[in-house]
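The values are calculated or read from the model by the stated rules, or taken from the named source; none is laboratory data. Nothing here was measured: the structure is a model prediction, and the numbers come from that model. Cβ placement follows ideal geometry from the backbone for every residue including glycine, while neighbour counts extend to all protein chains displayed. Note: areas computed on protein heavy atoms with side chains; ligands, DNA, RNA excluded. Shrake-Rupley method; radii C 1.70, N 1.55, O 1.52, S 1.80 Å.
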Amino acid sequence: AKADGRNVYRFYHDELNKASIDKFNLLQLMRKALKNNEFQLYYQPKLQLSDQRVIGAEALLRWPQADGSMISPDEFIPLAESSGLIVEIGQWVLQQACLACSRWQQQGYDLTIAVNLSTVQFRDGKLEQQVQQALTAAALPAHSLEMELTESLLIGEGDNIAQQLSALHQLGIRISIDDFGTGYSNLGYLRRFNASRLKIDKSFILSLCLSERDEPLVRAIIQMSKSLGLKTVAEGIEDSATAAQLALLGCDEGQGFYWAKPLPETDFLGYVSAELMN
Ligand code: C2E
Ligand code: CA
Ligand code: CA
Ligand code: CA
């Protein structure tokens, strides 16, 4: 179709540009992977810091390769975004994540699911409809679904996204601002985009117990978040000291390698049921 034509054009004109040819190949491979259902979702447990109870999971995209290796989302999501393919991939993610969470709830686990959203997914104005469809197909209540949007991606985005987010918010979906602290951290965004959660970027959490500079910053973010009536989430918690310090600072929720890496669904459920027995 149209997009293919443009990429073929680019391919011929940048023939000597190896990076561009690699991108062309990568895009073709991504299309094929989506068609053949090669992508997988991994689930990282999210915990309530006060009692370390598992309350949900973040769905993270994985692309397994024939040789057993894994292409990291950081390597293919940027191209999926610039090519527009993220719209279809993102829809697949939404559907799969809702189905998974619904399975967990049917097994009696009271868990929520968070998915990462690209602002490109707002461009055609069909996101609300896609979300509705995913929820209905999975029979999942809207309040069980959380959407994580990266702060830096919202910068410069206009009323269009704010309006669509407001509609999603009205459905009962929770909106969370991801990677908080790395962009401009404009507080106006929190209100404008109907956020109910603020996720402190892992760059501040990874060194929280090592660097004296991070503590006042993290403390300030948590206090500000509280005074705005938002929940605070910390990602990148790798040890018990960091978990304890964040709980002390009043951070509500957390996730990190200290508890678990992103896991395939069976392993995630194994983790959850083991935690419940403790
Ligand atoms: P993110 O949304 O900020 O996700 C958190 C990343 O931190 C994940 O990397 C996760 O594996 C990693 N992480 C979690 N706990 C720890 C920890 O304790 N220590 C360290 N060092 N890292 C930790 P991952 O899975 O490689 O994902 C990278 C990024 O790719 C994500 O960052 C997100 O921006 C993007 N991404 C992943 N899945 C999707 C998706 O389905 N859609 C979209 N649009 N983006 C996605
Ligand atoms: Ca995220
Ligand atoms: Ca993040
Ligand atoms: Ca990130």
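Points to keep in mind about this one:
- Hey, residue 113 surrounded by 15 or more Cβ atoms within 10 Å (Cβ to Cβ) and touching a strand residue (DSSP E or B) at 6+ places or on another chain (Cβ under 7 Å) or not: yes
- Verdict on residue 271 being over 18 Å from residue 60 (Cβ atoms) and either within 16 Å of ligand 2 (Cβ to nearest atom) or out of contact with any Gly (no Cβ under 9 Å at 6 or more places or on another chain) (or both): no
- The residues of region 56-76 that are in contact (Cβ under 8 Å) with a residue 12 or more places away in the chain, farther than 21 Å from residue 134 by Cα and either among the hydrophobic types (A, V, I, L, M, F, W, C) or more than 15 Å from ligand 4 (Cβ to nearest atom) (or both), listed by number, are 63, 64, 76.
- Unmet criterion (only one of (1) more than 16 Å from ligand 4 (Cβ to nearest atom); (2) open to solvent by 40 Å² or more (accessible area, probe 1.4 Å); (3) out of contact with any Lys or Arg (no Cβ under 9 Å at 6 or more places or on another chain)) for residue 231: (3)
- Residues of region 235-248 classified as open to solvent by less than 30 Å² (accessible area, probe 1.4 Å), without any contact (Cβ under 8 Å) to a residue 40 or more places away in the chain and either aliphatic (A, V, I, L, M) or more than 16 Å from ligand 4 (Cβ to nearest atom) (or both), total: 2
- Condition check for residue 202: under 18 Å from the mean Cα position of the chain (by Cα) and over 17 Å from residue 175 (Cβ atoms): yes
- In region 105-122, the residues that are of a type in the set (A, V, I, L, M) reach residues that are more than 16 Å from ligand 2 (Cβ to nearest atom) and not in a loop (DSSP other than H, G, I, E, B) with C-beta atoms within less than 6 angstrom, at least six apart or across chains, in these pairs: 111/104.
- Any hit, region 164-175, residues being among the hydroxyl-bearing types (Ser, Thr, Tyr), under 25 Å from residue 238 (Cα atoms) and open to solvent by 10 Å² or more (accessible area, probe 1.4 Å): no
- Condition check for residue 92: under 18 Å from residue 146 (Cα atoms), of a type in the set (Phe, Trp, Tyr) and at pLDDT 95 or above: yes
- Hits in region 16-42 - residues which are hydroxyl-bearing (Ser, Thr, Tyr), within 16 Å of residue 73 (Cα to Cα) and either open to solvent by less than 10 Å² (accessible area, probe 1.4 Å) or at pLDDT below 95 (or both): none
- Members of region 134-147 found to be in a strand (DSSP E or B) and either over 15 Å from the mean Cα position of the chain (by Cα) or not hydrophobic (A, V, I, L, M, F, W, C) (or both), listed by number: 146
- Every residue from region 249-278 that is of a type in the set (S, T, N, Q) and surrounded by fewer than 17 Cβ atoms within 10 Å (Cβ to Cβ): 266, 273, 278
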